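Here is the structure we will look at, set down as structure tokens.
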Amino acid sequence: EDEFSMIAGSFNHMTEEMDRYIDDIARLGREQERQQAEVDIASSIQMGILPYGRASFGNCGIKAVMKPAKYIGGDLYDYLELDASHTMIAVADVSGKGLPSALLMAVALTLFRQFARMGYSPASILKNVNDTFSEENPEMMFVTAFVGIYDSDNDTLTYANAGHNPPYLMHEGLKVLDGSAGTPLGLFQG
């Protein structure tokens, strides 16, 4: 009950608190490392589902590159050879950031490919993706998208735009493709 035993007790209590604090910091560090590893894996998966490098379809060449500002997000592009003369191209952006946008991006990419393989026009592809997204969209996320079908036999591009920035055609100079920007996908049925 003297001062030395009170100091010793306080010192022991402080040591226990410091040990708990160090354990908490170590646990948080391990949790952050685990979360970072998950984000790195998700980023790798996301980049893996996008086409990479150059491709040629008829007399058209495509090269796409994506460098996300963060590890993962909702930006996407795609090109898919449908048959010997038709190629679907898509450029889109999901609202928001991070994992939710990346998940919706993967769904959008899958739907673009599915409806294109079924022979739908760009406008029908966008309509069907919109209807799919707007049925159940509790977070009210949306997707802006440009989808086109290139016909190398006729050297034509049929396209539709759902609220995306106007694309450019690089052929004998730079040309903005005309047409309406449309409504982003997922906001309104029909």
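The values are calculated or read from the model by the stated rules, or taken from the named source; none is laboratory data. Predicted, not measured: the structure shown is a model, and the values here were computed from it. Cβ coordinates were reconstructed from backbone atoms using ideal geometry, including for glycine residues, and neighbour counts include every protein chain displayed. Side chains included, ligands, DNA and RNA excluded: accessible areas come from the protein's heavy atoms. Shrake-Rupley method; radii C 1.70, N 1.55, O 1.52, S 1.80 Å.
Brief remarks follow.
- The residue that is surrounded by the most Cβ atoms within 10 Å (Cβ to Cβ), among those in the stretch 51-95 that are among the hydroxyl-bearing types (Ser, Thr, Tyr) and closer than 20 Å to Ser121 by Cβ, is Thr87.
- Considering the stretch 143-158, the residues that are open to solvent by 30 Å² or more (accessible area, probe 1.4 Å) and among the β-branched types (Val, Ile, Thr) include one that is nearest to Asn128 (Cα to Cα), namely Thr158.
- The residues of the stretch 112-140 that are among the aliphatic types (A, V, I, L, M), open to solvent by 20 Å² or more (accessible area, probe 1.4 Å) and on the phi < 0 side of the Ramachandran plot, listed by number, are Met118, Ala123.
Residues are listed down the side, and each one gets a yes or a no for (1) assigned to a loop (DSSP other than H, G, I, E, B); (2) at pLDDT 90 or above:
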residue: Tyr77; (1), (2): no, no
residue: Ala84; (1), (2): yes, no
residue: Ile89; (1), (2): no, yes
residue: Arg113; (1), (2): no, yes
residue: Gly119; (1), (2): yes, yes
residue: Leu126; (1), (2): no, yes
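- Taken as a whole, the condition of being part of a helix (DSSP H, G or I), touching a strand residue (DSSP E or B) at 6+ places or on another chain (Cβ under 9 Å) and either open to solvent by 90 Å² or more (accessible area, probe 1.4 Å) or not acidic (Asp, Glu) (or both) applies to Ala108.
- Pair list, Cβ under 6 Å, 6 or more apart: the stretch 162-174 residue in a loop (DSSP other than H, G, I, E, B), other residue loosely packed, with under 11 Cβ neighbours inside 10 Å: Pro166/Val176
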